[in-house]
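The structure under discussion appears below in the form of structure tokens.
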Amino acid sequence: MAVRLPVYLDNNATTPMDPRVLEEMLPYFTEKFGNAASRTHSYGWEAEEAVDIAREQVASLIGAHPTEIVFTSGATEAVNLAIKGVLEADQRPRKHIVTICTEHKAVLDTCRRVESELVHVTYLPVGNDGNIDLKTLETAITEDTVLICAMYANNETGVMHPVSEISSIAKRHHILFMTDATQAVGKIPINVHDDGIDLLAFSGHKMYGPKGAGALYVRKKNPAVSLAAQIDGGGHERNMRSGTLNVPGIVGLGKACELCQDEMETESARLAKIRDQFETELLELTGISVNGTSELRLPHTTNIAFEGVDGEKMIFEAGNDVAFSRSSACTSATLEPSYVLKAMGLPDELIHSSFRFSFGRFSTEDQARHSALVISKIVNAHRGERNN
């Protein structure tokens with residue numbers, strides 16, 4: 001069977017919507033169009049019921065209670081609500097945040113926005129494997145520390161941070177722990193209570209759901225997390241996020257979570273097998289290496305460095321056959337070297353010839369083999385040109 005081109009290997013940027021998700025959403029654009037806040041008639045009741053079901057589906061996927069789920073427009077809004085909301089709710093005169101220099105821009109830019117005389121941020125370094133040193137994390141904590149922000153898994157490398165250990169440190173110092181789990185939710189098992197997570201953000205479009213729908217988990221017990229709302233105007237989502245709910249998007253997010261929960265185990269194993277075979281075929285070439293640890297990472301993601309390759313030309317020449325990226329979607333339009341790989345100690349030349357390949361639900365072994373063959377040919381051609 002012929003491989004449909006171009007092969008899509010950029011699922012960490014966004015995933016195609018699962019047709020089953022779209023089917024679930026469609027009625028809420030047309031005949032079930034009610035406002036979930038309309039409490040006086042059946043159109044509103046129907047919409048509210050759909051949102052309640054979705055809230056249960058989302059909560060179930062991460063081991064939370066439905067009342068701990070706040071619907072947002074996506075992970076970026078959820079991150080902003082978590083960080084700014086915690087800071088505003090905390091009554092300490094001076095405040096301190098500890099985060100990691102390889103976090104997604106949603107976290108880093110939010111932290112830079114809140115930096116002032118009263119909010120200090122420590123950006124922890126990472127090692128060559130992409131992970132932090134836990135002793136350095138604990139040393140960074142001060143009496144003013146309000147929050148630790150550490151992503152569950154990196155969007156460029158797939159490297160997973162030791163979330164349970166980080167949360168244990170936070171609990172020991174009576175500090176809240178927030179994780180941006182956008183790349184991890186639906187891909188690997190997550191339980192917010194077992195992992196000791198206080199706040200968790202993610203988006204629907206990274207897990208075969210719709211764009212414009214996401215959620216923030218906010219722990220309610222032992223003790224409850226206090227947040228100051230960042231959007232006012234009606235008191236929706238238990239006063240945490242005002243605004244008319246995106247019912248079709250929320251329904252789609254809920255269905256996407258349900259499908260991920262049902263299919264995660266077999267899907268993750270299949271994608272890890274495809275990813276590993278893809279890596280094995282490329283690593284037969286000389287001067288090829290995987291960026292970041294291969295021991296603790298997402299099953300569908302790899303970041304590979306190709307020594308002696310012109311990165312711009314490789315992206316252009318592969319474009320009709322394979323779609324992949326240099327770094328995260330929000331920074332790929334710039335020519336600046338990946339700050340994630342730079343923090344891991346890679347030289348600029350190697351960073352410019354490093355690429356992220358992320359497989360997904362609709363990826364096949366044939367697609368992976370075709371992609372490895374195309375990329376191998378391009379790499380060999382580039383090296384031949386350099387040697388002439």
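List of remarks:
- Here is what passes the span test in the chain: the DSSP H helices with alpha carbon length of 15 Å or more along the helix axis and a Kyte-Doolittle mean of -0.5 or above are 42-62, 75-89, 247-282.
- Net lengthening on full extension, residue 23/residue 171 (0.36 nm per residue, minus Cα-Cα): 49.0 nm
- About its Cα centre, region 19-258 has a charge dipole of approximately 180 debye under the convention of +1 per Lys or Arg Cβ and -1 per Asp or Glu Cβ, with nothing else charged.
- DSSP-assigned coil residues among chymotrypsin sites (Phe, Trp or Tyr not before Pro) in region 113-218, each with at most 13 further Cβ atoms within 10 Å: none
- Förster radius 35 Å - calculated FRET efficiency between residue 52 and residue 364 (Cβ-Cβ, nearest 0.05): 0.45
- Nitroxide proxy distance, nm - points 7 Å out along Cα→Cβ at residue 14 and residue 113: 2.1
- Measuring nothing but how far apart in sequence close Cα pairs (under 8 Å, 6+ apart) lie, relative to its length, the chain scores a relative contact order of 24 percent.
- Residue 123-residue 316 pseudo-label distance in nm [points 7 Å out on the Cα-to-Cβ vector]: 3.1
- Here region 78-124 and region 127-204 have alpha carbon centers that stand 14 Å from each other.
- Out-of-range pairs (alpha-carbon distance over 21 Å; input 171/206; 206/377; 84/220; 105/211): 171/206; 206/377
- The stretch between residue 239 and residue 144 holds 31.5 nm of extra length on full extension. This uses 0.36 nm per residue minus the Cα-Cα distance.
- The equivalent ellipsoid that matches the C-alpha gyration tensor of region 148-247 spans semi-axes of 24, 20, 10 angstrom, in descending order.
- The gain in end-to-end length when the residue 133 to residue 232 segment is fully stretched comes to 31.7 nm, 0.36 nm per residue minus the alpha carbon separation.
- Overall Cα dimensions of the chain, principal axis frame, Å, largest first: 74, 54, 33
- Take 248-256, 40-48 and order them by the average number of nearby Cβ atoms within 10 Å per residue, most first; the result is 248-256, 40-48.
- Calculated FRET efficiency, residue 376 to residue 194, Cβ-Cβ distance, R0 = 51 Å: about 0.75 to the nearest 0.05.
- Reported to the nearest whole Å, the Cα centre-to-centre distance from region 209-251 to region 7-30 is 22.
FYI, it's all coordinate maths here, none of it is from the lab. No experiment lies behind these values; they were computed from the predicted model shown. Every residue, glycine among them, receives a Cβ derived from its backbone with ideal geometry; neighbour counts consider all protein chains shown.
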